[in-house]
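**Q** Have a look at this one before I ask anything.
The values are calculated or read from the model by the stated rules, or taken from the named source; none is laboratory data. None of the values given here were measured: they were computed from a predicted structure. Cβ: placed from backbone, ideal geometry, glycine included. Neighbour counts: every protein chain shown. Side chains included, ligands, DNA and RNA excluded: accessible areas come from the protein's heavy atoms. Shrake-Rupley method; radii C 1.70, N 1.55, O 1.52, S 1.80 Å.
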Amino acid sequence: MPYADSDPAAALAATSAAPFAIKILIAGGFGVGKTTLVGSVSEVRPLRTEEDLSEPGSGVDALDGVERKTTTTVAMDFGRITINDDLVVYLFGTPGQKRFWFMWDELAYGALGAVVMADTRRLADCFPSIDYFERAGMPFVVAVNCFDDARRYPLPTMRAALNLTDDIPLLLCDARQRSSSRDVLVALVEHALARLSAGQQVTPAR
Amino acid sequence: MVRPYALIAGRTRPSGQAIDLIASVCAVRGASAPDFDCEPEHLRLLRMCRVPASVADLAAGLDLPLGVVRVLIADLRDHGLVTVTGPATAGLSDGRILKEVADALRRL
Ligand SMILES: Nc1nc2c(ncn2[C@@H]2O[C@H](COP(=O)(O)OP(=O)(O)OP(=O)(O)O)[C@@H](O)[C@H]2O)c(=O)[nH]1
Ligand SMILES: [Mg+2]
């Protein structure tokens, strides 16, 4: 490799003028704190996306009872953390419900990993997200957002309730605090690193 | 038809190779002004990517839906006015890059 001793990101960037881009997904049920987390560590901007709901496999079944439309517009949270000229981290916050999975297939491609946010008052809301990333073989961590009026449980109790294996990091967070949100992101990157060292696949195939 | 979609004349699929959300778009240096029947948004887009910009940054900046922006980018690419590169996923299996990211995040 021509850049063995040099700064790795700089070397990558040297081959293309654009910075190396890292993609991290923030998933979880409605109102769990996705926008708050993205906003506390980066400047968040709404990103509009739209999909053709009539496509096969787009989860139309989950919309039973809702008027059938062929396209829908979904707002995604979009944050950017510029690490240096050569390295940028992009955060994408998306709802975790199955009917939004059509967005995730694209989002997951080439992503470093995901943060699944959970709320102890509605723990089941994060199950679809966990299922998705488990199936995709993508690194993820679970961040339990500490809402003021939510009951606190010991981590092992929550790990059991979420049916998480020991290798998946589970941590408490307060998405309103920049330092707390930052710790969640650090935990994700370290988890991805640990998996890399263990020789596990990091990037899901498209 | 809703205005953003009128912009792309009902086309919903961009032509050519898929354009990723974090792919980098860059105006081709020295390329002359578009010689096709372009919309003001094509020109705005072209100005915005004089320095490389990600597809997501461009869509948020234009406040247009992602799918619309992808079609506009593909138009510009078809006419040789922009290049679209990446994302370079190889970096994700480079431990040094991940370490650099973790260290930088820790300093946030
Ligand atoms: N106490 C407490 N409140 C929080 C925390 N995180 C978010 N909130 C509040 O919870 C509410 C919902 O947070 P959002 O960030 O909008 O949640 P969201 O996941 O983006 O919601 P949707 O986009 O509607 O799915 C807001 O009023 C936040 O201020 C937290 O860690 N602790
Ligand atoms: Mg939100």
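**Q** How many partner chain Cβ atoms sit within 10 Å of a residue's Cβ in peptide A:84-95, on average, as a whole number?
**A** Per residue, the number of nearby Cβ atoms from other chains is 2 on average.
**Q** I've got another one for you. Mind checking the mean number of beta-carbon atoms from other chains within 10 Å of the Cβ atoms in B:55-64?
**A** Mean shielding by partner chains, rounded to a whole number: 4.
**Q** Which of the three applies to chain B, rounded, prolate or oblate, going by the alpha-carbon gyration tensor with a ≥ b ≥ c and a/c under 1.5 meaning rounded?
**A** Prolate, since a/c reaches 1.5 and a/b exceeds b/c.
**Q** Once you sort the root eigenvalues of the Cα gyration tensor of segment A:146-192 as a ≥ b ≥ c, which label holds: rounded (a/c under 1.5), prolate (a/b larger than b/c) or oblate (the other case)?
**A** Oblate, since a/c reaches 1.5 and b/c is not below a/b.
**Q** By the gyration tensor of its Cα atoms, with a ≥ b ≥ c the square roots of the eigenvalues, what is the shape of segment B:52-92: rounded for a/c under 1.5, prolate for a/b over b/c, or oblate?
**A** oblate
**Q** Could you rank A:Ser197, B:Ser93, A:Ser129 by how accessible they are, 1.4 Å probe, largest area first?
**A** Most to least solvent-accessible, the answer reads A:Ser197, B:Ser93, A:Ser129.
**Q** Report the Cα centroid-to-centroid distance between segment B:56-95 and segment A:113-143 in angstrom, as an integer.
**A** Between the Cα centres of segment B:56-95 and segment A:113-143 lies a distance of 28 Å.
**Q** What's the average, rounded to a whole number, of partner chain beta-carbon atoms within 10 Å of each residue's beta-carbon in A:162-168?
**A** 0
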